[in-house]
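Notes to accompany the following structure.
Derivation of every value follows stated rules applied to the coordinates shown; laboratory data play no part. Given the structure is predicted, the values throughout are model-derived calculations rather than measurements. Every residue, glycine as well, gets a Cβ built from its backbone with ideal geometry; the counts of neighbours run over all protein chains shown.
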Amino acid sequence: MKKEMNSIMTLLLVALLVFSISACGRSPSNEQANKSETDKRTSSQASQTADFKPFVIQNYNRQLAIEKVPQAVFAVSTPNTEILMALGLKDKIVGVAPGVSEVDILPQFQDAYNSLNRLEGKLIRGHNYPSFEAVVGTNPDFIYGTSFSVGNAGNITSLDNITKTGITTFISKPTDMLNAGMDDVYEEILTIGRIFAVETQAHELVQNMSEKIGRTQDKLGEIEKPIPVFVYDSEEEGMIFTAGPALITNIIELAGGKNIFFDTNKNWLFANKEKIVNSKPEIVIIIDYGETSAEDKIAAFKNNPLFAELPAVVNDQFVVVSFNDVLPGIRNADCIEELAKGFYPEKFK
């Protein structure tokens with residue numbers, strides 16, 4: 001009996017040892033798995049960088065030469081920052097301008113964003129713009145920004161001033177053009193991917209965004225008569241600031257709506273109140289940013305006697321989005337889905 005017990009114990013110990021070795025082989029630690037994935041990305045980026053060749057692109061009505069892969073980038077807007085991080089370029093960001101809200105960053109990037117060098121500055125229409133001296137102090141070799149931050153009349157400085165420093169500056173095309181669309185956003189992401197030698201990642205990102213929009217439109221089906229929409233950005237001394245043929249108009253179209261100010265000649269403008277009344281919007285989009293809360297913006301619109309009989313007011317149809325949702329960036333696909341749900345909730349049940 002004792003001999004049999006010894007034999008059994010020996011077999012159990014051997015089995016336990018084999019199982020342990022096998023288990024280790026099947027289940028590497030999370031740390032090892034993450035390291036492996038990181039190594040793969042690093043190797044992929046290194047390979048793409050090695051293949052980089054200088055090129056010239058058209059950007060903001062000028063020829064922009066990209067002589068080498070940038071190593072130190074200053075990102076002006078939150079969507080600029082999110083595009084860079086989505087492409088795995090966080091370590092190249094030497095500074096950012098905090099957006100319209102410090103908490104308005106996508107959750108998956110929050111920890112990384114908190115570690116970035118965030119420059120405070122002056123507030124203009126709810127936006128934070130650091131001084132140009134502070135931006136230069138981060139020692140960037142590349143600035144990625146919007147037309148209203150670093151364009152000809154930029155709130156940080158003019159493009160001419162930046163050019164004198166020799167810092168390569170890429171201006172987001174959809175923030176500067178009339179009738180911008182998602183194709184322009186895709187082009188920008190792909191161009192950033194080319195500039196930073198992460199083209200594979202850029203193509204994957206664009207494909208994911210395009211597929212998500214496709215799924216949203218599949219649920220919408222054919223929309224015979226798009227729902228009329230008014231965009232409420234902000235109000236100053238009784239004048240309402242709204243969107244013309246800016247990117248948000250295409251975002252609204254892809255969600256099954258029609259911006260009632262789509263046919264103006266400015267991306268952003270003060271709205272003609274008579275046109276608001278005559279267009280009878282069924283939905284009002286509230287852009288949530290700045291010192292006035294979304295709730296207060298809704299209340300201000302509802303309490304205006306001119307708008308009391310509008311379908312959107314009578315039926316309490318207000319949809320709230322962040323300003324960063326409608327600037328060119330990786331959020332646009334999600335924004336289209338959220339707007340579509342607000343316009344046609346019955347199609348998403």
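Less than 23 Å apart at the alpha-carbon level, and either on another chain or at least 8 residues along: which lysines does that give for Lys266?
Lys173, Lys258, Lys275, Lys280, Lys297
What residue among Val231, Gly329, Gly256 has its Cα farthest toward the positive end of the dipole of segment 223-348, where the charges are +1 on Lys, Arg and -1 on Asp, Glu, each on the Cβ?
Gly256
Would you tally the net charge around Lys173, using a Cβ to Cβ cut-off of less than 10 Å, leaving Lys173 out, and scoring K and R as +1, D and E as -1?
-4
Quick check on segment 51-171: what are the equivalent-ellipsoid semi-axes from the Cα gyration tensor, as sqrt(5λ), descending, whole Å?
22, 18, 12
Could you let me know the centre-to-centre spacing of segment 200-275 and segment 277-320, using Cα atoms, in angstrom?
About 16 Å separates the Cα centre of segment 200-275 from the one of segment 277-320.
Tally Lys/Arg at +1 and Asp/Glu at -1 over every other residue whose Cβ is under 12 Å from the Cβ of Ala153; what's the total?
-2
By per-residue mean of other Cβ atoms within 10 Å, what is the highest-first order of 212-223, 271-282, 242-253?
242-253, 271-282, 212-223
Place a point 7 Å from Cα of Leu123 in the direction of its Cβ. Which residues in segment 306-323 have their backbone N less than 20 Å from it?
Of the residues in segment 306-323, 321-323 have backbone N under 20 Å from the label point off Leu123.
Counting only other residues whose beta carbon sits under 13 Å from that of Lys266, what net charge do I get with K and R as +1, D and E as -1?
Spelling it out: positives minus negatives among the neighbours equals -3.
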